[in-house]
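The values are calculated or read from the model by the stated rules, or taken from the named source; none is laboratory data. Just so it is clear, the model here is predicted, and its values are computed rather than measured. Here the Cβ positions follow ideal geometry from the backbone for every residue, glycine too, while neighbour counts run over all protein chains shown.
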Amino acid sequence: MNIINLTRDHDEDFVHRVEEESGQKVSLCYQCGNCTAGCPYTFAYDIPVSQIMRLVQMGQKKTVLSSKSIWLCATCESCTTRCPNNIDVACIMDVLRHMARREGLAAVPQVKTFWDSFLDSVRAHGRVFEMGLLINYVTKTGRFWTDMDLGPKILPKGKLALKPHDIQGKEHVARIFERFDRESNS
Amino acid sequence: MRIGVFVCHCGSNIEGTVDTAAVAKATLEFPEVVYATDTMYACSEPGQDGIIQAIKEKNLTGVVVASCTPRMHEPTFRKAVERAGLNRFMFEMANIREHVSWIGKNREANTNKSLDLVRIAVEKLRRDAPLIPSKFSVNKRVMIIGGGVAGIQAALDCADGGLQVVLVERESTIGGKMAKLDKTFPTVDCSSCILGPKMVDVAQHPNITLHAYSEVDSIGGYVGNFQVKVKKKATYVDWELCTGCGACIEKCPSKKNPDAFNEKIGPCTSINIPFPQAIPKKAYIDATTCRQFVKGKCGVCAKVCPTGAIRYDMTDEIVTEDVGAIVAATGYDLFDIKKIPEYGSGTYPDVITGLQYERLLSASGPTGGHIKRPSDGKEPKNIVFIQCVGSRDKSLDRPYCSGFCCMYTAKQTILTKDHIPDSQSYVFYMDIRSPGKMYDEFTRRAMEEYGARYIRGRVAMVYPKGDKLMVRGADTLAGTQVEIEADLVVLAAGAEAAKGAPQLAEKLRISYDKYGFFMESHPKLKPVETNTAGVYLAGSCQGPKDIPQSVGQGSAAAAKVLALFSKDMLESDPQISRVDIKRCVGCGKCIMTCPFKAIKEVEFRGQKKAEVIETVCQGCGICTSTCPQGAIQLSHFTDNQILAEVNALCQS
Amino acid sequence: MSEAIAYYPGCSGLGTSKEYDTSTRAVCAALGLSLVDIPDWSCCGSTPAHTKDHTLSAALSARNLQLVSDMGLKAAATPCPSCLTNLRTANHRIEGDAFKAKVNKLLDDPYGGDVNAISVLQALVETVGLDTIASAVRTPLKGLKVACYYGCIMNRPPELMAFDDCENPMAMDNILTALGATVVPFPLKVECCGASYGIPRPDVVAKLSGKLLEAAAGLDADMIAVACPLCQMNLDLRQGQINRAMGTSYRTPVPYFTQLMGVALNIPDAEIGFGQLNVDPRPVLSKALSGAD
Amino acid sequence: MPVLTGKELRIVGFLCNWCSYGGADTAGVGRFNQPTDLRIIRVPCSGRIDPLFIAKTLINGADGVLVSGCHPRDCHYAEGNFYARRRLEVLKRFLPILGIDPGRFDYTWVSASEGQRWQKVVTAFTEQIHTLGPAPRFDAVAPELLAKVAGAISQGGNRVAA
C-alpha cells in the first residue's frame, strides 16, 4: 500500500474544483459510511464510495480519477438520499467522471464507450437509435457476443427498429453538441 | 461629570485587532472625559484596583469600561466602582470584544468602531443618575417542574435544606426515564433499586408537596414571588381514598391499550398504575380508552374498588401555588424513529428503540425480563444495535450528539449476553463517545469480555427476509458493505427536547434553542441559571445528559435556590420605569400595555396618574415607548439617553 | 376533463418500451387525462449526457421543455423516470442564472424555465385521482398478487423529485389496490436494478435484478409491476441471463403498471401489448383472475 | 470620524438585551466574521424601541437601521416583541412619507443561541445598505410631519386601539 505524504500529496486545487463543479462541500462528510452501506454497486467498485469521498477530502486526484468506481456509479441516488449531511454524493461522482474524461481517464472503457455511442446516436438522429447504438458499441469494443441471446427474444416483437426515426429538427440537436464542443475547447 | 475611560486589552483578545491605546487617547476629546487609559485585563484584580485608584485620584464621578459584553462583566465592574465610593449605576460598558475584535481582523476599522462604541457609552453615562435598589420579601417555597431523577434530586436537596417544595409531574408517577431503565452504566446497577428509595423519600418528605398527573398552566410574578397555576388533570380516581391495591386493574375489561410506561411494546388496562414502585402508587383512568367513557357503560372498577375511590365525573382542577423560585427539570423525549423509514421502524415490529429494549430487559417489563421479540415472542439470537439514530444527522435537523447512547448501547450488549448466553450482538457506530469515569473501560468490556462485535459504519436499510431482518450496512474500516441477518434490531434513538418544552419556556419567560432545549445563562459559568431571575434548570431539559450529570445539576439548582433563599429580602433592580407626574395625563395606556401589571392608577390632587410598583416592574420599557407624553421613563434607558446615543453615532 | 399535459414518451417509448407508451396513452385517454404530443421532441440525453457534462445534459432536456412552452403548456408528463430525472434536474439547475445562461448558449431557442415535468404515475395519482381510477375499473384484478417496483430514481432524491415517499413510495401500490389487486409489501421498491449497465456490465445487472426477483418470489408475488423502461428490460428481457448467472429459474412476469391498468379498464389487447413482453403475464393473470390458484 | 469614509456606511442597530444582543455576543464568541459598519445600541427589549428613534436615526444621517429582538413568543418580557412588531410594521409603511427608502430599515428576530444567524443577518443587511449606497442628506424634516407620523405609529403600537 502506498504511503500518502499529506504535506506534499494533498491536491487542494482538486478539492476546490470538485466543490465548485458539484456545488457540494466535501468537508461535510464525516465518513459514516451510509453511502457505501446503501450503494447497490459497492460489490462491483474498486473503491467504495465513502472512500472516494475520503480520498477527495484528502486531495488524491490521481487515485480518484483513475478508479473504476466512478464509471460504475449508476446515479441511483441512494447515497444522496440517505446522506445525513445532505451531500449530493451522486453529483460528486458525476463531476469526477467529467474530470476523468478531461484527463483522458476511463478505468472501465466499455462503459465510457457505451455512453459515447449513445450520445453519438442522439447527435446523429436527435433521438437514440437503439439498434444503431448497439452496433456502434459492439464495433467499438469488439464485444461481438454482447446480448446476442436477446436478439431472438426482441427482434420478432418489432421493438428494435432497424432504421432510425430521425427527427425533423435533428440539426438543432446536432448544433447543441457542436456548440458544446466549441465551448469546452475554448 | 468627571468621566474615566478604561480600554481593556483582554490580553490579545482585543488588543490583537484594536489599538486600545489609540482608542483611550482619542476618548479624551469626548465631553466630560477627564481620564482615559488602556489596561491589560480590566476584570483582573490589578485591573479593578486601577479603576478604583483612578476614581479616587482623579475624582471621577462616572466610569466607562470598554471590554467584553456587559452580559458578562457588568456586575463585576459595577461592584468595583461601588467599592470606590460611586453609585454602581454610574457606570457603562462598551462591548469591543464580542462586537468588534472577535468578528473582524481589520485593525483600522476595529479601532475606529471601538471608539464609536465608547462614544455612545460616554453619552449614555452623561445622562445616568445614581439609582438605589429597594428591597422586597421572598416567598421561600420552590417549585420543581418535572419528577425525573434531576427533579427528584433538586426536590430532595431543597427539602432537606428546609425549604417547602412543590413538585409537579406530568405523568401519574414520578421517576421519569430512569424508572424505565433496567440497569445503569457503567456499574450495571439496578436502576429501580437506586432510584426507588429516592422516590419513596419524595413521597415521605414532610416538606414536599407532590402534584402528579399535573401540568403548569400559567406563571405570573417574578423572582421571590411567583404565582403558578397548576392544572391537576382528572385521574377519575380519588387519590385520598385510593390505596393502590390494584383490584381495579385486575378486573378492568379494557386490557389491550398500548402501555406508555412500557414504551408501547406491552398492553395495559385503561385504569392503571404504571409500575409496582410508582410514586404515588395511585390508579388513574385513561379516558381515551376506558369503556365507561368511550361506550358510556362499564363501571367495573367502580364496583370492585374496596374504598369507593372511582369518580367518573371528576374534572381537571386548577390550583395556585405561590413560590419564590422555580426549577425546570422537564427532561427529554426520544427521537421518533419512524422518521427514518429505511430502518423499517413502524413497519417491522422487531425494529425497536433502545428504551423499548430496556423494558424487554426489565423484570417489571411486559415480558417479565425475558428478551422476546415483539413479532412472534421468540428469543432473538442475532441482535443488531444501530447508533446515532436521530443524532448527529443534519438531514434530520438533529446535528447534535445525544451523549448517552454509546454508553447505554454498550450496557445493552452486556445485558443481552447475560440474558441469552448464545446470542451475538452487533453494534453499528460512527464514533464511540465515552468520556466519563470508567466509561471507556466499560465499552471495551462489552467488546473484550462480552464479545459484542462493533462495526464502524452506518446502516443504510433494514428489510425483512423470511422471519429475519436483513441489515445492510458498511464497515468503513474494512471498506466494505456488510449484511447481517438479524432477529431483532435496536435503534439508539437520540434525545430531543421534551414535548411542550418551548411552550413551558414561554410561560417561564426563559429562552430555548432551535431544538427546544432551554438556554442556560452562561454555557460555562452559569449552567443551571437562566436569564430570568429565580428560574433554574436541571437535567436534560437544557440538553441531553446522563444520570450522574442530571443528578449533579439537580443538586446544583437546589444550591442556587438555597443561596437565593438565604436572604430574607431581595434587592430589586432599580433600572425600572418612573413616572413624571407633571407630564402624566392619566390616559392609562402604560397600564394597559405593561405585561407585568406593574403600573397602577393613583389619584393625585384629584387627577388620575400612573404609578409604578417598584418591585414588580421588570424594566422592559414597553410603557416608555407607549406613553404619548414621554411621562414614564425607564431609568438608564430614557428617551434622552437613547437619542443621545443615536446623535453620537450620527454626528460626523 | 383536466387541463392538457404535454406528453414526452422518451426514446425507448418508440422501441424497447412500445407497450408502455401505447398502454399509457390508452389508459390516460380512458381516464380523461389529455396528453398532447410534443412535436418533434428529441432525446433528453439520459444517463450518458449527465455523466459527460451537466450543461450539455440540461441543454438536451431544455430543448424539449421549451417545445412544451411553445405549445402554451405548463407541464409535461413522461412515463420514463430517467427522462423525468433529466428534465427535472435541468429545471432545478436552470434556477441558477449563470447555469441558465450557459445552457441557453447551446440552444437555438433559449428556454425560460417555466415548464414543470412530472411522471405519468404522478399525473395519474394527482390529476386523475385514485377515486376516478377505482370507479373506472371494469375488470377488477381480484386475486392478483403484485409487487410494485418503482426503481431507484422515480422518487429520489426527494428534494428534486418532490413526489411520494423516497423510501417507501405508495403511488403505484395505491393504484393497483384501487384496481382490486393485492399488493405485497415489497421491501426493495427503490433498490437499483442495474440501470444501463445491461450492455457493458451484464454481471452487475444479473446480481442486482436477481435480488429483486428473489425478493418478489419470497413474497409469493405473481408478478412485478414496474414504471421504468430500463427496469422492465433488466427484469424481463434479461431474466434468462439472470437465471443463468444466478442459477435460478424464475419466470416472473414484469408488466408495466399501465398495462395492468389497461386490463382493469378493459383496454383492447393491442394497446396493452402484453405480447411485447418477454415473460407473457397473461397465463398468470388469467389464472389469478379466475380464482384458480 | 464615525465611519471609515469610502469603506463603511453608517448603520445603527437596536438590539434587545436578552436575545439579539446575546446572539451578537454568541456570534463574537464563535468568531463569526461580520462587516464592521454596524454599531449596536443595547435596549432591554425590542418593545422599548420607539419608532421615532429609528426615524430620527435615519433623518440624522444614518444610512441604515437594523432592529432585532427575540423570536415571537420567546420574549423575555412575555410580549414586548409583539408591540415592537406592530409598531415597526407601521413605521415601515410611513418611511416613504418621510422620504426615506424603506430598504434602509429592517427588523428581524435572532435568539441568543443563533450566532450564525446573526452573522448572516448583519452581512445581508450591510450588503443591502451598500447596494442602496449612502443616504441622501436630509434638509430638516418638518416637525409637524414627524409629529403626525409619531401619532399614527403610537396608535399602531397600542393593542387596544389597534
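Of the listed requirements (1) under 29 Å from residue B:108 (Cα atoms); (2) more than 10 Å from chain B (Cβ to nearest Cβ), residue D:43 misses just one: (2). Within segment C:176-213, being on the phi > 0 side of the Ramachandran plot, modelled with pLDDT under 95 and of a type outside the set (A, V, I, L, M) holds for one residue alone: C:194. None of C:219, C:277, C:289 is in contact (Cβ under 8 Å) with a residue 60 or more places away in the chain and closer than 27 Å to residue C:9 by Cβ except C:277.
Identify, please: which residue in segment C:74-102 is touching a strand residue (DSSP E or B) at 6+ places or on another chain (Cβ under 8 Å) and over 16 Å from residue C:9 (Cα atoms) and is, among those, farthest from the other protein chains (Cβ to nearest Cβ)? The selected residue is C:74. Only one of the numbered conditions (1) away from chain D (no Cβ under 12 Å); (2) of a type outside the set (Phe, Trp, Tyr); (3) touching a Cys at 6+ places or on another chain (Cβ under 6 Å) is not met by residue B:47, and that is (3).
Test residue D:37 against the stated conditions and say whether it is surrounded by 18 or more Cβ atoms within 10 Å (Cβ to Cβ), more than 7 Å from every other protein chain (Cβ to nearest Cβ) and among the acidic types (Asp, Glu). Working first, answer last.
Numbers: surrounded by 18 or more Cβ atoms within 10 Å (Cβ to Cβ): yes; more than 7 Å from every other protein chain (Cβ to nearest Cβ): yes; among the acidic types (Asp, Glu): yes.
When the stated conditions are applied, residue D:37 passes them.
Of the residues making up segment A:66-99, those that are more than 9 Å from chain C (Cβ to nearest Cβ), within 24 Å of residue C:56 (Cβ to Cβ) and surrounded by fewer than 21 Cβ atoms within 10 Å (Cβ to Cβ) are A:66, A:68, A:99.
For residue B:289, are the conditions met, namely being among the hydroxyl-bearing types (Ser, Thr, Tyr), within 14 Å of chain C (Cβ to nearest Cβ) and more than 30 Å from residue B:221 (Cβ to Cβ)? Spelling it out, it is not the case that residue B:289 is among the hydroxyl-bearing types (Ser, Thr, Tyr), within 14 Å of chain C (Cβ to nearest Cβ) and more than 30 Å from residue B:221 (Cβ to Cβ).
Considering segment B:298-335, and only residues there that are within 27 Å of residue B:285 (Cβ to Cβ) and of a type in the set (Asp, Glu), the residue that is surrounded by the most Cβ atoms within 10 Å (Cβ to Cβ) turns out to be B:321.
One line per residue, one yes/no per condition, for (1) in contact (Cβ under 8 Å) with a residue 12 or more places away in the chain; (2) polar (S, T, N, Q); (3) over 19 Å from residue B:326 (Cβ atoms):
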| position | (1), (2), (3) |
| --- | --- |
| B:499 | yes, no, yes |
| B:505 | yes, no, no |
| B:520 | yes, no, no |
| B:532 | yes, yes, no |
| B:549 | no, yes, yes |
| B:563 | no, no, no |
| B:583 | yes, no, yes |
| B:590 | yes, no, yes |
| B:605 | no, no, yes |
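In this entry, residue B:363 is excluded by the filter for residues that are out of contact with any strand residue (DSSP E or B) (no Cβ under 8 Å at 6 or more places or on another chain), surrounded by 19 or more Cβ atoms within 10 Å (Cβ to Cβ) and in a loop (DSSP other than H, G, I, E, B). Sort out which residues of segment C:20-51 are away from chain A (no Cβ under 14 Å) and not in a helix (DSSP H, G or I), and write them in order of number. Once the filter is applied, which keeps residues that are away from chain A (no Cβ under 14 Å) and not in a helix (DSSP H, G or I), segment C:20-51 yields C:31, C:32, C:33, C:34, C:35, C:36.
From the list B:42, B:24, pick out the single residue that is buried (at least 19 other Cβ atoms within 10 Å of the Cβ) and part of a helix (DSSP H, G or I). Steps first, please.
Details: B:42 fails: part of a helix (DSSP H, G or I).
When all the criteria are applied, what remains is B:24.
Checking each residue in segment C:52-66 for being within 12 Å of another protein chain (Cβ to nearest Cβ) and in contact with a Phe, Trp or Tyr (Cβ under 6 Å, 6 or more places away or on another chain) picks out C:56, C:62, C:64, C:66. One residue stands out among those in segment B:443-497 that are among the acidic types (Asp, Glu), touching a strand residue (DSSP E or B) at 6+ places or on another chain (Cβ under 9 Å) and more than 9 Å from chain A (Cβ to nearest Cβ): the one that is surrounded by the most Cβ atoms within 10 Å (Cβ to Cβ), which is B:496. When the residues of segment B:531-551 are filtered to those that are part of a loop (DSSP other than H, G, I, E, B) and under 16 Å from residue B:498 (Cβ atoms), which remaining residue is farthest from the other protein chains (Cβ to nearest Cβ)? In this case the residue turns out to be B:538. Residues that are farther than 22 Å from residue C:14 by Cα and either polar (S, T, N, Q) or in contact (Cβ under 8 Å) with a residue 40 or more places away in the chain (or both) within segment C:240-262 comprise C:241, C:243, C:245, C:246, C:248, C:249, C:252, listed in sequence order.
Condition first: of a type in the set (Ser, Thr, Tyr), modelled with pLDDT of 95 or more and assigned to a loop (DSSP other than H, G, I, E, B). Now tell me which residues in segment A:1-40 satisfy that. So that I can check it myself, show each step before the final result.
First, the residues of segment A:1-40 that are of a type in the set (Ser, Thr, Tyr): A:7, A:22, A:27, A:30, A:36.
Now restrict to residues that are modelled with pLDDT of 95 or more: A:22, A:27, A:30, A:36.
Within segment A:1-40, A:30 is the sole residue that qualifies.
Mind checking whether some residue in segment C:172-180 is under 16 Å from residue C:83 (Cα atoms) and either surrounded by fewer than 18 Cβ atoms within 10 Å (Cβ to Cβ) or away from chain A (no Cβ under 14 Å) (or both)? No, segment C:172-180 contains no residue that is under 16 Å from residue C:83 (Cα atoms) and either surrounded by fewer than 18 Cβ atoms within 10 Å (Cβ to Cβ) or away from chain A (no Cβ under 14 Å) (or both).
What do you reckon, is residue C:131 at pLDDT 95 or above and closer than 24 Å to residue C:7 by Cβ? Answer is yes for this residue.
Here is a yes/no grid of residues against (1) surrounded by 22 or more Cβ atoms within 10 Å (Cβ to Cβ); (2) of a type in the set (Phe, Trp, Tyr); (3) touching a residue at least 40 places away in the same chain (Cβ under 8 Å); (4) within 11 Å of chain B (Cβ to nearest Cβ):
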residue: D:13; (1), (2), (3), (4): yes, no, yes, yes
residue: D:24; (1), (2), (3), (4): yes, no, yes, yes
residue: D:61; (1), (2), (3), (4): no, no, yes, yes
residue: D:103; (1), (2), (3), (4): no, no, no, no
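Search segment D:101-111 for residues being among the hydrophobic types (A, V, I, L, M, F, W, C) and either modelled with pLDDT under 90 or not in a loop (DSSP other than H, G, I, E, B) (or both), and hand back the single one that is nearest to residue D:30 (Cα to Cα).
Once the filter is applied, the top-ranked residue is D:109.
The single condition among (1) among the small types (Gly, Ala, Ser); (2) within 14 Å of chain A (Cβ to nearest Cβ); (3) crowded, with 24+ Cβ neighbours inside 10 Å that residue C:275 does not meet is (3).
Take the conditions modelled with pLDDT of 95 or more and within 22 Å of residue A:159 (Cβ to Cβ) and apply them to residue C:59. Does it pass? Give the steps one after another, and end with the answer.
On the way: modelled with pLDDT of 95 or more: yes; within 22 Å of residue A:159 (Cβ to Cβ): no.
No; evaluated as a whole, the condition is false for this residue.
Does residue B:523 count as closer than 25 Å to residue B:620 by Cα, assigned by TED's automatic domain parsing to the domain that holds residue B:327 and either acidic (Asp, Glu) or at pLDDT below 95 (or both)? Here the answer is yes, as residue B:523 does meet what is asked.
Screening segment B:579-593 for residues that are more than 14 Å from chain D (Cβ to nearest Cβ) and surrounded by fewer than 19 Cβ atoms within 10 Å (Cβ to Cβ) and picking the one that is farthest from residue B:638 (Cα to Cα) gives B:586.
Under 7 Å by Cβ, and 6 or more places apart or on different chains, what pairs join a residue from segment A:142-168 that is exposed (fewer than 11 other Cβ atoms within 10 Å of the Cβ) with one that is of a type in the set (A, V, I, L, M)? Close Cβ pairs satisfying both conditions: A:144/A:138; A:162/A:131. Among the criteria (1) at the interface with chain B (Cβ under 9 Å from one of its Cβ atoms); (2) crowded, with 23+ Cβ neighbours inside 10 Å, the one residue D:69 does not fulfil is (1).
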